[in-house]
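The values are calculated or read from the model by the stated rules, or taken from the named source; none is laboratory data. Keep in mind that this is a model prediction, so the values were computed, not measured. Ideal geometry is used to build each Cβ from the backbone, glycine not excepted, and the neighbour counts take in all protein chains shown. SASA here: full protein model, heavy atoms, side chains in, ligands and nucleic acids out. Shrake-Rupley method; radii C 1.70, N 1.55, O 1.52, S 1.80 Å.
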Amino acid sequence: PMRIITGNAARSPFRLAKLAERLRDLHPGIEAVHARFVHLLDHDPEVSLHEDRLHELLNYGEPTDTWPDNWPRIIVAPRAGTVSPWSSKATDIARICGLEGIHRIERGIEFAVSGEGLNPNDFAWQDDLLDVLHDRMTESVYQDTASLESLFAHAEPAPLGRVALGDDAQAAIAAANDKMGLALSDDEIA
């Protein structure tokens, strides 16, 4: 089973202010953006975790000033099917610290926005806002915590596929880029 432990601030106040400016250009109602780390644990439920040691290990950085509980939020984490360098190192450290039963620790960033002119119930994360918050090549956006389970899914590799280029190779590669989420640039497609 996956367990989620929220962490401290993922961005400095200066970086949050700059990020809020960029988001405000796209959606004028946004006044503030909030970011905190979330730690995702894939662990053996039969093994007792040393809670104090685990929380001590995952308590780093500056605490978050405030967290807007009722505002729209998303989580940016590594793409499903990948293991981040942070995860490899953190999992090794956890094992060295005697935290047995942990298969993997992964880290994401939970973002929330707030603003006087925003109605939390009507706000939708548009693609242009999401593009500012994550790197499509290495990260995915997770709308809810249930979708984070895919980070730890163990699936058989898909069979080798081929892209039929046909008469318009560039269009075929662009379509494959979108379908497979390759994040190729226009130059790379050309």
Among the residues of the range 84-101, are any touching a Pro at 6+ places or on another chain (Cβ under 9 Å) and of a type in the set (D, E, K, R)? no
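Every residue, every condition in (1) open to solvent by 50 Å² or more (accessible area, probe 1.4 Å); (2) modelled with pLDDT under 90, yes or no:
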{"residue": "PRO13", "(1), (2)": "yes, no"}
{"residue": "ALA20", "(1), (2)": "no, no"}
{"residue": "ASP25", "(1), (2)": "yes, no"}
{"residue": "PRO28", "(1), (2)": "yes, yes"}
{"residue": "HIS43", "(1), (2)": "no, no"}
{"residue": "LEU49", "(1), (2)": "no, yes"}
{"residue": "TYR60", "(1), (2)": "yes, no"}
{"residue": "THR64", "(1), (2)": "no, yes"}
{"residue": "TRP67", "(1), (2)": "no, yes"}
So the check is Cβ under 9 Å with 6+ separation or different chains; which pairs have a first residue in the range 151-177 that's free of Cβ contacts under 8 Å to residues at least 60 places away in the same chain and a second one that's hydroxyl-bearing (Ser, Thr, Tyr)? none
Go through the range 163-181 and give me each residue that's under 23 Å from PRO78 (Cα atoms) and not small (Gly, Ala, Ser). ASN177, ASP178, LYS179, MET180
Just to be sure I understand the filter: pairs with C-beta atoms under 6 Å, separated by 6 or more residues or on different chains, first member in the range 120-144 and more than 12 Å from PRO72 (Cβ to Cβ), second member open to solvent by less than 80 Å² (accessible area, probe 1.4 Å) and modelled with pLDDT under 85. Which pairs pass? ARG136/ALA183; MET137/ALA183
Can you name the residue in the range 1-19 that is touching a residue at least 24 places away in the same chain (Cβ under 8 Å) and of a type in the set (Gly, Ala, Ser) and is also farthest from PHE152 (Cα to Cα) among such residues? SER12
So is TRP86 more than 28 Å from PRO157 (Cβ to Cβ), touching a Lys or Arg at 6+ places or on another chain (Cβ under 9 Å) and open to solvent by 20 Å² or more (accessible area, probe 1.4 Å) or not? no
Residue hits (the range 3-53; of a type outside the set (D, E, K, R) and part of a helix (DSSP H, G or I)) are PRO13, PHE14, LEU16, ALA17, LEU19, ALA20, LEU23, LEU26
Output for Cβ contacts, cut-off 8 Å, separation at least six or different chains, first residue under 19 Å from MET180 (Cα atoms) in the range 74-90, second basic (Lys, Arg), reads ALA77/ARG107; VAL83/ARG104
Keeping to the range 21-55, report how many residues are touching a residue at least 60 places away in the same chain (Cβ under 8 Å) and not β-branched (Val, Ile, Thr). 17
